[in-house]
Amino acid sequence: MYNADSRFAGIEPFETKIWLASPTMHGDEQKWVKDAFDKNWITTAGENINEVERLIAEYIGVNHAIGLSCGTASLHLAIRLAGERLYGIPKVGHGSLEGHMVFASDMTFDATVNPITYEGGEPVFIDTEPDTWNMSPDALEKAFEIYPDVRLIVVAHLYGTPGKIDAIRRIADKHNALIVEDAAESLGATYKGRQTGTFGDYSVISFNGNKIITGSSGGMLLCADKSDADKIRKWSTQSREAAPWYQHEELGYNYRMSNIIAGVVRGQVPYLEEHIERKKRIYDKYKEGLADLPVTMNPFDTHHSKPNYWLSCMLIDENAMAPMVRGEQDQLWKYEIGKSSPAEILDALSRFNTEGRPVWKPMHMQPIYRSHAFITSCGSGRGQSNAYIKEECMDVGADIFRRGLCLPSDIKMTEEQQDVIIEIIHRCFE
């Protein structure tokens, strides 16, 4: 009987774990955190917050950047703001999207989608397109044919790669719809020379611990109008009115960024371009080192996009897929000569003290959202099977989830360590 372990003879596990994407600190972060301590600004106000908001707004090219506790909080307030703009101020206890559908990226983390539900809306999932792994403009057009009354689109840029956001913007304008742009993963990426985070009516970024720069947590809402920025600052500090006592006339949240977190972000901002360049080198090395295998890297529009290369991902060719099945929380894979599967490769990486992950499981496949509408470029995609429909009507997100995986993309990983990871992947196909 074949012993799969023999394929990895001579490779030793890394002494220190190689992470998917962990924080890379430089020392300046501690300086600004200490500054907050020295000045006793241990609250949701202070110089660090003010300066980080200024730096990010200037870098991205927006009028206002409001520091909030996390990317999800930023998405929630952006979606609430869009809902009130479209449908008016709701009654207390009701969401701003109560009774309304919202078109949303299907292949994304659930933080993109959950705030729609927080606000009482019903997400309608728009399938992915293979060129960038982001929302398909063709599927979005089809969605408006089916649901012409929808007025809000929530779109994410996956793994730091911009989607075809100008096409999505044109479709939104044609149908008088607003866009909330989830640029949580794509800070520093550009499309046709413009930073992601500038295409939405409201946009958000994240400083979560694994992002391109980090504050350990934190996020920002980006917008053009001062009145919107003022409203977000008010909402995020419990909507306190300008009265001598605690006066509240509308619903508020405890969502403001901490001055301590802002100090970490302030120390990270000067290193953003360096981080992007180092991430690009990792992507390019994988692309070169895996070129002889039946795989491709996560794609982007080479003519118009400059990703931030946050995560390097890999897609196994259909004819090189070994058998693999997934349940709700477990999976099985089978060895086959000359082929492999995401589960097999991730298991192999884990054995050598290395972290990889499956790509995002599409939202329409998640138990919590399975009853929601899902739209492909040919119309409703619910219940379709790849084996029985035309290629252009495939459930693209489900196919990427089945064949794709995220590779170790930590910028502290050395070239020698990445060489070993590339060798492990090669041996999975032996």
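Using alpha carbons only, how many angstrom separate the centre of the stretch 49-119 from the centre of the stretch 231-308?
14
Mind pulling the angle between the C-alpha long axis of helix 28-38 and the longest principal axis of the chain? Nearest 10 degrees, somewhere in 0 to 90.
30
May I ask you to sort 207, 14 by Cβ crowding, counting other Cβ atoms within 10 Å and putting the fewest first? Mind dumping the intermediate values first?
On the way: 207 30, 14 15.
Going from sparsest to densest Cβ surroundings: 14, 207.
I want the local charge near residue 172. Using Cβ-Cβ distances under 12 Å, sum +1 for each Lys or Arg and -1 for each Asp or Glu among the other residues.
Numbers: positive: 151, 169, 170, 174; negative: 141, 166, 173, 181, 201.
Residues near residue 172 contribute -1 overall.
Just check the stretch 1-151 against the gyration tensor rule for me: Cα atoms, a ≥ b ≥ c as the square roots of the eigenvalues, rounded for a/c under 1.5, and otherwise prolate or oblate depending on whether a/b exceeds b/c.
Details: a/c = 2.48, a/b = 1.12, b/c = 2.22.
In terms of gyration-tensor shape, oblate.
For the stretch 1-91, build the charge dipole from Cβ charges (+1 Lys, Arg; -1 Asp, Glu) around the Cα centre, then report which of 26, 46, 76 sits farthest towards its positive end.
So the residue we want is 76.
Once both axes come from the Cα atoms, what is the angle between helix 415-428 and the longest principal axis of the chain, in degrees from 0 to 90, rounded to 10?
Taking the Cα atoms of the chain, the angle to 415-428 is about 60 degrees.
For the chain, give me the percentage of DSSP beta bridges that are antiparallel, rounded to the nearest 5 percent. Write down the numbers at each step before the final one.
Values: 31 of 52 bridges.
DSSP beta bridges in the chain are roughly 60 percent antiparallel.
How many percent of the alpha carbon pairs in the chain exceed a separation of 42 Å? Provide the component values of the computation, followed by the final result.
Details: 14558 of 92235 pairs.
Roughly 16 percent, rounded to a whole number.
How big is the stretch 28-270 by Rg and Dmax over its Cα atoms, in Å?
Both quantities, over Cα of the stretch 28-270: 17.7, 58 Å.
How large is the charge dipole for the chain, taken about the Cα centre, if only the Cβ atoms of Lys, Arg (+1) and Asp, Glu (-1) carry charge, to the nearest 20 debye? Please report the intermediate quantities before stating the final value.
Values: 45 positive and 61 negative charges, 128 e Å.
Roughly 620 debye for the chain.
Helix-only mean residue ellipticity at 222 nm, the chain, DSSP H runs n ≥ 4 weighted -39,500 (n - 2.57), per residue, nearest 500. What is it? Please report the intermediate quantities before stating the final value.
Details: 12 runs with 137 residues, N = 430.
Here the helix-only value at 222 nm equals -10000 deg cm²/dmol.
Which value, in debye to the nearest 20, gives the size of the charge dipole of the stretch 28-270 about its Cα centre, when Lys and Arg are +1 and Asp and Glu are -1 at the Cβ?
Details: 23 positive and 33 negative charges, 117 e Å.
My answer is approximately 560 debye.
What is the order of 240, 266, fewest Cβ neighbours within 10 Å to most? Could you put the intermediate results ahead of the total?
Numbers: 240 13, 266 26.
Going from sparsest to densest Cβ surroundings: 240, 266.
If one takes the longest principal axis of the Cα atoms in the chain, at what angle in degrees, from 0 to 90 and to the nearest 10, does the Cα axis of helix 71-87 lie?
60
Count neighbours as other Cβ atoms within 10 Å of each site's Cβ, and list the GluC sites (Glu not before Pro) in the stretch 283-385 that are DSSP loop with at most 11 such neighbours.
Of the GluC sites (Glu not before Pro), the ones in loops of the stretch 283-385 whose Cβ has at most 11 other Cβ atoms within 10 Å are 328.
Of all DSSP beta bridges in the stretch 28-270, what percent run antiparallel (nearest 5)?
On the way: 16 of 33 bridges.
Looking only at bridges with both residues in the stretch 28-270, the antiparallel portion is about 50 percent.
Within 10 Å of each residue's Cβ, count the other Cβ atoms and sort 216, 69, 312 from fewest upward.
Ranked by crowding around the Cβ, least crowded first: 216, 69, 312.
Every read-out reported here was derived from the displayed coordinates using simple, explicitly stated rules and does not represent laboratory data. Keep in mind that what you see is a predicted model, and the values were worked out from it rather than measured. Because the Cβ atoms are built from the backbone with ideal geometry, glycine has one as well, and the counts that use them run over all protein chains shown.
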